[in-house]
Amino acid sequence: MSGHEAPILELTELNKCYAAPGHGSVQALCNVNLQLYPGECLGIVGESGSGKSTLARCITHLEKVTSGQMFYRGKDITQLKGEPLRQLYKQVQMVFQEPSSIFNPRTSIGKFVREPLLNYKMMRRSEAETAVLRLLERVGLPAEAADKYPHELSGGEQQRAVIARAIGVQPDIILFDEATSALDAPIQQQMLDLLVQLRRETGVSCMFISHDLAVVQKVSDRVAVMNKGEIVEVLESAKLTTAARHPYTRSLMASVLSVRKIRNEIRGTKEVI
Ligand code: ADP
Ligand code: MG
């Protein structure tokens, strides 16, 4: 996958500094070089404060980069404005940890999913209702969800609605930033299954960001490890255990293994890790 095709998204020497009043500045991204290839899921893992969200926010232009370049399908998008930026917003969708932050409590789920379809003139209003029902079905929500309001859905159902809205505009890329981190383990697993299914159906490229290496590894083809704003290593997911060289990656892996060990001890199993 990463061998011959041109990347759909490429970041070169990306830097982001935040002014920190009284402390000079914080370098949240430090010379980040990354490629996302068509159809792949690239995991980004690192502990809290390592710069993962900043990376996602720079790609989606919610933050301005300090220096460096970003290319989408070979085109420099670093300084995009106006209509081209609006089109980029359509192609690059983002799913955050807290779905409640993007809902309007007075907007029904149906309208929430329908809005971008109409805003981007994907279809006529008369066609949108059926499209919404189809999208809800694809993310595993019943048709009745269309008439509900955000507070009537569980956290997992809300996140499904956010994904329905994101895939409705047929984006090239979806960035998931800690999208499953607030969910209980079984619901989290259901969301990961949904993600795998959607990738298979649509071929959408994904960036899956999480502090949890075990979760990232489950859904990603490759994993980029971030530490203090730097990408310290990019590894094939399947070879993570044997190929990790960087001490920071190994320490992340060790913490995953110890959590599993403790869980197994609690369950009284002797499952080999
Ligand atoms: P992560 O998502 O990996 O937890 P973030 O990208 O949120 O990390 O943060 C990276 C670093 O940048 C942290 O040191 C954080 O305090 C700092 N930071 C993030 N956003 C801002 C901001 N708006 N202003 C100042 N510093 C920020
Ligand atoms: Mg974050």
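Only helices (runs of 4 or more DSSP H) whose full extent lies in the range 75-173 are considered here, and the ones with at least 2 residues that are open to solvent by less than 20 Å² (accessible area, probe 1.4 Å) are 109-119, 125-138, 155-168. Go through the range 223-246 and give me each residue that's surrounded by 23 or more Cβ atoms within 10 Å (Cβ to Cβ) and more than 16 Å from ligand 2 (Cβ to nearest atom). Listed by number, the residues that qualify are V223, L240.
Let's see how each residue does on (1) more than 16 Å from ligand 2 (Cβ to nearest atom); (2) in contact with a strand residue (DSSP E or B) (Cβ under 8 Å, 6 or more places away or on another chain):
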position	(1), (2)
P7	yes, yes
E10	yes, yes
N15	yes, yes
Y18	no, yes
H23	yes, no
V26	no, yes
N31	yes, yes
L36	yes, yes
G39	yes, yes
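The residues in the range 65-74 that are crowded, with 17+ Cβ neighbours inside 10 Å, of a type outside the set (G, A, S) and part of a strand (DSSP E or B) can be counted, and the count is 3.
For the range 38-64, filtered to residues that are more than 9 Å from ligand 1 (Cβ to nearest atom) and over 23 Å from P84 (Cβ atoms), the residue that is most open to solvent (accessible area, probe 1.4 Å) is G39. Taken as a whole, the condition of being open to solvent by 70 Å² or more (accessible area, probe 1.4 Å), at pLDDT below 95 and over 16 Å from the mean Cα position of the chain (by Cα) applies to S25. Within the range 184-216, if we keep just the residues that are closer than 21 Å to V32 by Cα and not in a strand (DSSP E or B), the residue that is nearest to ligand 2 (Cβ to nearest atom) turns out to be H211. Of all residues in the range 49-106, those being more than 16 Å from ligand 2 (Cβ to nearest atom) and not hydroxyl-bearing (S, T, Y) number 30.
The values are calculated or read from the model by the stated rules, or taken from the named source; none is laboratory data. The shown structure was predicted, so the numbers you read here are calculated from the model rather than taken from an experiment. Note that we place each Cβ from the backbone using ideal geometry, even for glycine, and neighbour counts take in every protein chain shown. Just so you know, the surface numbers come from the protein's heavy atoms only, side chains and all, with ligands and any DNA or RNA stripped out. Shrake-Rupley method; radii C 1.70, N 1.55, O 1.52, S 1.80 Å.
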